[in-house]
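Written below as structure tokens is the structure these notes are about.
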Amino acid sequence: MEQNRIAVIEGDITIQQVDAIVNAANNSLLGGGGVDGAIHRAAGSELYEECKKLNGCETGDAKITKGYKLPAKWVIHTVGPIWQGGNYKEDELLASCYRRCLELAEKNNIRTIAFPAISTGVYGFPLERATKIAVTEVRKFWQRNTSIEQVTFVCFSKAAYECYLKVMKEIGVMN
Ligand code: AR6
């Protein structure tokens, strides 16, 4: 059942016991604040060393590294769009982030993956609009064959957690 495959929790993504966690990075992939800073701190300097070799990442795309000191075996780094009012392909680019992460996860036989709310912090993407895109893209991905068994949305605030629950009810993913 689809209900068993999407989870929403309030918490810190760096401590999640899943195969892969997603990082909301920037084009350099060399670290920053927010969830990116937290992931690099928890994974240790080896993550930074591997990221240096990746040659950055385009907005809307994703690249994978090992998780080093994290409980997660993998980190999938994606670069969300900076919100500029909605007329600069922000929706499409954010949807592309989720798709590219899921594609990379599938290629690497990842069964469980946790996402933060990409672009909704420093990058200013409106939370509810971003949440609808996140949930919709995961559902669409599951309409094809996939080895991914569980997606967890990790919310860093009560407000984000409540927003995800509301959107999932509206979309009909849960009762
Ligand atoms: N676990 C889960 N979610 C978190 C955590 C955490 N430990 N820490 C923050 N969040 P942001 P962006 C949430 O700003 O908007 C960085 O400097 C946070 O509350 O981390 O995509 C990068 O290097 C928010 O809901 O990422 C880029 O320069 C969400 O994660 C830029 O920020 C995303 O907030 C990317 O901006």
Check: Among the candidates Val35, Val18, Val22, Val8, which residue alone is assigned to a helix (DSSP H, G or I), within 14 Å of the ligand (Cβ to nearest atom) and surrounded by 13 or more Cβ atoms within 10 Å (Cβ to Cβ)?
Finding: Val35
Note to self: Step by step: first the residues of region 53-106, then only those that are free of Cβ contacts under 8 Å to residues at least 40 places away in the same chain and among the basic types (Lys, Arg), then the one that is nearest to Glu128 (Cα to Cα). Which residue is that?
What the structure shows: Lys89
Item checked: When residues of region 72-100 are limited to those that are within 12 Å of the ligand (Cβ to nearest atom) and under 11 Å from the mean Cα position of the chain (by Cα), the one farthest from Ile118 (Cα to Cα) -> His77
Notebook entry, point to check: For region 141-168, which residues satisfy the criterion of being in contact (Cβ under 8 Å) with a residue 24 or more places away in the chain, over 20 Å from Gly11 (Cα atoms) and among the charged types (D, E, K, R)?
Noted result: Glu149
Notebook entry, point to check: All but one of (1) touching a helix residue (DSSP H, G or I) at 6+ places or on another chain (Cβ under 8 Å); (2) open to solvent by less than 50 Å² (accessible area, probe 1.4 Å) hold for Lys132; which doesn't?
Noted result: (2)
Note to self: I'd like the full set of residues that are under 18 Å from Val173 (Cα atoms) and among the aromatic types (Phe, Trp, Tyr), limited to region 90-137.
What the structure shows: Tyr98, Phe115
Next item on the list: Search region 144-162 for residues being more than 10 Å from the ligand (Cβ to nearest atom) and part of a helix (DSSP H, G or I), and hand back the single one that is farthest from Gly121 (Cα to Cα).
Entry: Glu162
Note to self: Return the residues of region 58-85 that are open to solvent by less than 20 Å² (accessible area, probe 1.4 Å), under 19 Å from Thr136 (Cα atoms) and in a loop (DSSP other than H, G, I, E, B); say none if nothing qualifies.
What the structure shows: Gly60, Gly80, Pro81
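The values are calculated or read from the model by the stated rules, or taken from the named source; none is laboratory data. Computed from a predicted model, the values in this text were never measured in an experiment. Note that each Cβ is placed from the backbone with ideal geometry, even for glycine, and that neighbours are counted across all protein chains shown. What goes into the accessible areas is simple: the full protein's heavy atoms, side chains included, and nothing from ligands, DNA or RNA. Shrake-Rupley method; radii C 1.70, N 1.55, O 1.52, S 1.80 Å.
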